[in-house]
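Working notes, structure below.
The values are calculated or read from the model by the stated rules, or taken from the named source; none is laboratory data. These figures come from a predicted structure and were not determined experimentally. Cβ placement follows ideal geometry from the backbone for every residue including glycine, while neighbour counts extend to all protein chains displayed.
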Amino acid sequence: NAGVTQTPKFRILKIGQSMTLQCAQDMNHNYMYWYRQDPGMGLKLIYYSVGAGITDKGEVPNGYNVSRSTTEDFPLRLELAAPSQTSVYFCASSYARGTEAFFGQGTRLTVV
Amino acid sequence: DAKTTQPNSMESNEEEPVHLPCNHSTISGTDYIHWYRQLPSQGPEYVIHGLTSNVNNRMASLAIAEDRKSSTLILHRATLRDAAVYYCILRDLYSGGGADGLTFGKGTHLIIQP
């Protein structure tokens, strides 16, 4: 059972470039989340989704977009990358609100 | 979600019990107490959660104070693999309309000495 899979694991972007961070889960979870983690800090919620076709903003959504066309996939799009978006990005899923969340291994993104 | 307070770091010896404290004086009646841990270079991992009664699972025990204003995560016999950042998080299952997701603080950095 793969759980939550994130790709790529590492990426270097130039300022102004765009990219999509992929996240897939095989647990048939309705809830999915994107977090970012800056060095020495806890995770901050970017966007979340409670089911296919439904997305909502978290604490730090600016500069990002998401979509949820299927239950399994929840890609995070960065448009016009900025150095402030250098961070480690984690995707997570859970069966329902407040239940145990399963996290991916993260994508380490550097914007130069 | 209500705020939690944890020590920045703690140190313990291998094969000894570890008690990780968490204060949450503004906890509401519908807040569950969740613990996650994050090993180096990995995503967070669920450890345990509870509402009022003490809870046990294969990883740890959770002791909740009678007034629910504090809790303690107990690792019964620490190993080097338990070295991680431990996060205490309150989750309200019934806060309709609020953003979902876990609110992470800085957590407690647990150091295990061989």
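From the list A:Thr70, A:Thr7, the lone residue that is in contact with a strand residue (DSSP E or B) (Cβ under 7 Å, 6 or more places away or on another chain) and either farther than 30 Å from B:Ser9 by Cα or without any contact (Cβ under 8 Å) to a residue 12 or more places away in the chain (or both) is A:Thr7. With a requirement of 2 or more residues that are more than 9 Å from chain A (Cβ to nearest Cβ) and either touching a Ser or Thr at 6+ places or on another chain (Cβ under 7 Å) or under 19 Å from B:Ser12 (Cα atoms) (or both), the strands (runs of 3 or more DSSP E) lying completely within the stretch B:43-114 that satisfy it span B:61-64, B:70-75, B:84-92, B:108-113. For the stretch A:26-45, the criterion of being more than 25 Å from B:Pro40 (Cα to Cα), small (Gly, Ala, Ser) and part of a loop (DSSP other than H, G, I, E, B) is met by none of the residues. Among the residues making up the stretch A:1-19, none is more than 14 Å from chain B (Cβ to nearest Cβ) and touching a Gly at 6+ places or on another chain (Cβ under 6 Å).
No other residue among B:Ser41, B:Ser28 is surrounded by fewer than 17 Cβ atoms within 10 Å (Cβ to Cβ), at positive phi and at pLDDT below 95 apart from B:Ser41.
So is A:Leu109 assigned to a strand (DSSP E or B), away from chain B (no Cβ under 14 Å) and crowded, with 18+ Cβ neighbours inside 10 Å or not?
yes
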